[in-house]
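Each value in this text was obtained by applying a stated rule to the coordinates, not by laboratory testing. Note that the coordinates shown come from a computational prediction; the quantities given were computed from them, not determined experimentally. Please note: Cβ atoms are built from the backbone with ideal geometry, for glycine as well, and neighbour counts cover all protein chains shown.
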Amino acid sequence: MLPPPVRVTPRQGRPLLPVYVLATMILLFWMSWLLPQSRRRYARVSLLLATPVLLLAACNGGSTLNASSGTPAGTYNVVLTGSAGTMSHSAPVTLTVK
């Protein structure tokens, strides 16, 4: 005999992802004390700069976008350029949006 099926309903309310991201950043900031003094400042500045970016990405909450929003379908030509010092290189790329 099988157990009765469990009905799972989505949680209503605010998503917890921003809380998880913020808690992870606080934990990493706290763990930066384990690094040598010379690398500690670099790690903390990196965390402080990454936190707002990750929180903004977490604010979507998993909701789906409307089909009418975003980039219209089609083919786009993009030029990627990378540089290091005095050297630079470009590469054309075709981007197809469906």
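Would you mind ranking THR94, THR24, THR51 by Cβ crowding within 10 Å, fewest neighbours first?
So the residues, fewest neighbours to most, are THR94, THR24, THR51.
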So, in nm, how far is label TYR42 from label THR81 when the simple model puts each one 7 Å beyond its Cα toward the Cβ? 2.8
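Given R₀ = 22 Å, FRET efficiency for LEU27-LEU56 by Cβ-Cβ distance, to 0.05?
About 0.65, to the nearest 0.05.
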